[in-house]
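K.L.:
Questions regarding the structure given below will be posed in turn.
The values are calculated or read from the model by the stated rules, or taken from the named source; none is laboratory data. None of these values were measured; they are calculated from a predicted model. Quick reminder, even Gly has a Cβ in these numbers, built from the backbone with ideal geometry, and neighbours come from all protein chains shown.
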Amino acid sequence: MNRRKKIKQLLKAHAKKASAKLAPKSKPQYISKADRLKLAAQSPQDDTPPPES
């Protein structure tokens, strides 16, 4: 591989990585198992209606 081709390949790879960083993320953010359990424990408490008197 000649020098010019190598440099061109490197620059193309760097540009591809940079544009991938700027692209919108299609995957939802990871939530750990412990955090999911905390959220699940809190949500039933929030969803219960207040007692009527």
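K.L.:
Please give the number of the condition LYS25 fails out of (1) modelled with pLDDT of 85 or more; (2) loosely packed, with under 10 Cβ neighbours inside 10 Å.
P.N.:
Result: LYS25 fails condition (1) only.
K.L.:
Since GLN42 meets every condition but one in (1) outside any loop (DSSP other than H, G, I, E, B); (2) at pLDDT 90 or above, which condition does it not meet?
P.N.:
The number of the failed condition is (2).
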